[in-house]
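Below is one structure, written out as structure tokens; the observations come after it.
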Amino acid sequence: MHLSIQERPSEREGITVIHAALDAGMTLMDTANVYCLDEHEIGHNERLIARALIERGGAAGDVLVATKGGVARPEGRWEPDGRPARLRAACDASLGALGVDRIALYQLHTPDARVPFEESVGALAELRAEGKIDLVGLSNVSAEQIRAAERIVPIASVQNRLSPFFREALSGGVVQYCTDHGIAFLAYSPTGGGRLTRKLPSHPVAARIAGRLGVSAHAVVLAWVLAQSPAVIVIPSARRVEHAVDSASAATLALADADLAAIDEAEFSRS
């Protein structure tokens, strides 16, 4: 996302970051049609990923590109729009932006309070039946909403916020539900996001563990998120090559039980 919103790098720099992430072993590219500045450049991040994959010789079979629909960007704002007709139009536009005939994983970006949840999910079920998408995912949902969606269409993934700063996906039972039902949990903003991410190097617990292991505090926190369940996949953002490489290193970082417990018990202030 950060390659396409405010303070984004140049397109060439963005493609270099994507290549670095893939070279470091990342096999999931998560995007959305609204990862852009405003309504005038919908699909910016999708097109960027498509160009990066083309430069590498096409979308290799070991790279899964997931995108989302269900949010609008009028004048740069982020507004839910889960109307079935809008979801269908967004999916068609994403197919074009990604340059594919079928989207591997298409996710409802967020429930829209103005639209019955079942209608939004039903639109994704229809897109799957028509062969436009392979797998259906949800984002920013509760365990009850996952259950409701599963009555309509198989759910492959759930993407919610999860970090030491935001643990609602744990306390609210969403991670456990995904674990119990074989659903991938995609943790977005796994280092907190924005200023919270920037605070991590000075967090006493994360910094102490990082110093002892010779890794970054960001990698430590990503490893903690991954340790919450075998269903968890982290999807950190990166604007620079070194950030992408550092994030990938967390996949092989196993924290000791004492370190996991220390992060469990530590306060990670959002202020």
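Observations
- Any hit, the range 192-202, residues being in contact with a Leu (Cβ under 9 Å, 6 or more places away or on another chain), touching a residue at least 12 places away in the same chain (Cβ under 8 Å) and closer than 20 Å to Y35 by Cβ: yes
- Conditions (1) among the aliphatic types (A, V, I, L, M); (2) within 18 Å of M29 (Cβ to Cβ); (3) not in a loop (DSSP other than H, G, I, E, B): number failed by A206: (2)
- Among the residues examined, M1 does not qualify as under 21 Å from A251 (Cα atoms), assigned to a strand (DSSP E or B) and touching a residue at least 12 places away in the same chain (Cβ under 8 Å).
- Among the candidates R8, R51, the residue that is surrounded by fewer than 21 Cβ atoms within 10 Å (Cβ to Cβ) and outside any loop (DSSP other than H, G, I, E, B) is uniquely R51.
- Residues in the range 153-207 that are over 20 Å from A143 (Cβ atoms) and small (G, A, S) were compared, and the one that is surrounded by the most Cβ atoms within 10 Å (Cβ to Cβ) is A206.
Bear in mind that the values in this text are calculations on the coordinates, not laboratory data. Being a predicted model, the structure only gives us computed values, none of them experimental. Positions of Cβ are backbone-derived with ideal geometry, glycine not excepted, and every protein chain shown enters the neighbour counts.
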